[in-house]
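Peer 1: Could you have a look at this structure, given as structure tokens, before my questions?
Computed from the coordinates by the stated procedures, all read-outs in this text should not be read as laboratory data. Model, not experiment: these values are computed from the prediction. Glycine also receives a Cβ, built like all others from the backbone with ideal geometry; neighbour counts cover every protein chain displayed.
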């Protein structure tokens, strides 16, 4: 869907900051924007977020994480994303379906057929028109993530470097499989350079100069 833009990538890639700054720039350009996130983005989904991103590393299996993510995603789509799109607003989402495929599927070793089935059933036609995959070497990303002080929401950061290397490869595989939707942006560069690239990709889709 043209007005639905998602930000993806591993830990410490700057997704959240870039999504927030892009939303501000688009609003200054006169656009109505909903900025949201996953897991979360709706009251019930935020409750599920706490189950996923806090606690011990082994708290859930990849299959359980997949099911929890999709329970949250169904609520998020129904309560936040689809109503905003129907109102003609732009939706910027910090993580969406590709994170489940990358984290629980490619890096976690979870059931990709289950992920495929849930994506078809829950996401359906509400697929992003543009997905920005912010890419950075996992060692740098984890260093950045530790430096930002994420509090208790560090369960995935603690999964180890090998997990995060698989995660990066997973996102790059997703981008290669869907090049019309996905754009890979090198986020190891200075913040302003990354923001310029993001704006260059988004502006035509959003109808702004």
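Peer 1: Using the beta-carbon distance between residue 32 and residue 127 and R0 = 35 Å, what value does 1/(1 + (r/R0)^6) give for FRET efficiency, to the nearest 0.05?
Peer 2: Step by step, r from the Cβ atoms, then E = 0.95.
Peer 1: Under a crude label model (7 Å from the Cα following the beta-carbon direction), how far is residue 165 from residue 50 in nanometres?
Peer 2: Using points 7 Å along Cα→Cβ, the separation is 3.7 nm.
Peer 1: Per residue, how big is the convex hull of the range 6-45 when only Cα atoms are used? Give it in Å³.
Peer 2: Normalising the Cα hull of the range 6-45 by residue number yields 73 Å³.
Peer 1: GNM on the chain, C-alpha springs below 10 Å: top fluctuator among 168, 37, 87?
Peer 2: The residue with the greatest mean-square fluctuation here is 87.
Peer 1: Using the 10 angstrom Cβ neighbour count as an exposure proxy, how do 1, 97 rank, fewest first?
Peer 2: So the residues, fewest neighbours to most, are 1, 97.
Peer 1: For the chain, what does -39500 (n - 2.57) per DSSP helix run (n ≥ 4), summed and divided by total residues, give at 222 nm, in deg cm²/dmol to the nearest 500?
Peer 2: -14500 deg cm²/dmol, from helical runs alone.
Peer 1: Mind checking the full-extension length gain between residue 196 and residue 17? Use 0.36 nm per residue of separation minus the Cα-Cα distance, one decimal, nm.
Peer 2: Value of the extension gain: 63.1 nm.
Peer 1: Quick check on the range 4-206: what are the equivalent-ellipsoid semi-axes from the Cα gyration tensor, as sqrt(5λ), descending, whole Å?
Peer 2: Here the semi-axes work out to 24, 21, 16 Å.
Peer 1: What nm distance separates the two modelled labels at residue 116 and residue 208, each placed 7 Å from Cα along Cα→Cβ?
Peer 2: 3.8
Peer 1: Normalised by the number of residues in the range 4-206, what is the relative contact order in percent for Cα pairs under 8 Å and 6+ residues apart?
Peer 2: Normalised by residue count, the contact order of the range 4-206 is 32 percent.
Peer 1: With a 10 Å cut-off between alpha carbons and a GNM built on the chain, which of 25, 99, 16 moves the most?
Peer 2: Result: 25 has the largest fluctuation of those listed.
Peer 1: Any chance you could check the Cα centroid distance between the range 10-79 and the range 120-143 for me, in angstrom?
Peer 2: Using only Cα atoms to place each centre, the spacing works out to 11 Å.
Peer 1: Give me the number: length gained by fully extending residue 2 to residue 64, i.e. 0.36 nm times residue separation minus the C-alpha to C-alpha distance, one decimal in nm.
Peer 2: Once the chain is fully extended between residue 2 and residue 64, it gains 19.2 nm.
Peer 1: For the range 99-192, compute Rh as the Kirkwood radius over C-alpha pairs and then the Stokes-Einstein diffusion coefficient at 25 °C and 0.890 mPa s; write the answer in µm²/s, rounded to an integer.
Peer 2: 168
Peer 1: Round to a whole angstrom and tell me the spacing of the C-alpha centers of the range 176-209 and the range 90-110.
Peer 2: Each part's Cα centre sits 18 Å from the other's.
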